[in-house]
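Novice: Take a look at this one; I'll ask things after.
FYI, it's all coordinate maths here, none of it is from the lab. Owing to the predicted nature of the structure, the values given are computational and were not obtained by experimental measurement. Because the Cβ atoms are built from the backbone with ideal geometry, glycine has one as well, and the counts that use them run over all protein chains shown.
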Ligand SMILES: [Zn+2]
């Protein structure tokens, strides 16, 4: 049995989709990695203002915000320093 894999480098990540889980919205917001932090820091759907994370997590320790900051900072550092590449691998289930 062979499996296909989809792999991409962090440096190749150009678009992040934030998908609102509110049934009446389901908006898909696409942002570039450097704009992700702005959406993450707000913590709300740009379309319906639904909380994207629990309201108790709307602070500087928000994992959503940390993820956004880590992606942007890692892309910038790795592009500048070239010390490593980070690759994400997704199995393509058939
Ligand atoms: Zn929404």
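Novice: Please determine, in degrees from 0 to 90 and to the nearest 10, the orientation of helix 33-42 with respect to the longest principal axis defined by the Cα atoms of the chain, where the helix direction is its Cα long axis.
Specialist: 30 degrees
Novice: Please give the peptides 11-19, 53-61 ranked by average Cβ packing (other Cβ atoms within 10 Å per residue), highest first, as a rough proxy for protection.
Specialist: The packing order, highest mean first, is 11-19, 53-61.
Novice: Continuing with this model, one more query. Mind checking the angle between helix 63-81 and the chain's longest principal axis? C-alpha axes, 0 to 90 degrees, to the nearest 10.
Specialist: 40 degrees
Novice: Efficiency by 1/(1 + (r/R0)^6): what FRET value for residue 29 and residue 79, r their Cβ-Cβ distance, R0 = 25 Å, to the nearest 0.05?
Specialist: Efficiency computed from Cβ-Cβ geometry: 0.55.
Novice: Per DSSP H run of at least 4 residues, take -39500 (n - 2.57); add these up for the chain, divide by its residues and hand me the 222 nm value, nearest 500 deg cm²/dmol.
Specialist: Helix contribution divided over all residues of the chain: -10000 deg cm²/dmol.
Novice: On to the next question. Report relative contact order for the chain in percent, whole number only (criteria: Cα-Cα under 8 Å, sequence separation at least 6).
Specialist: Dividing the mean separation by the residue count of the chain yields 41 percent.
Novice: The range 4-92: D in µm²/s via Stokes-Einstein (Kirkwood Rh, Cα pairs, 37 °C, 0.692 mPa s)?
Specialist: Value of D from the Cα-based Kirkwood radius: 230 µm²/s.
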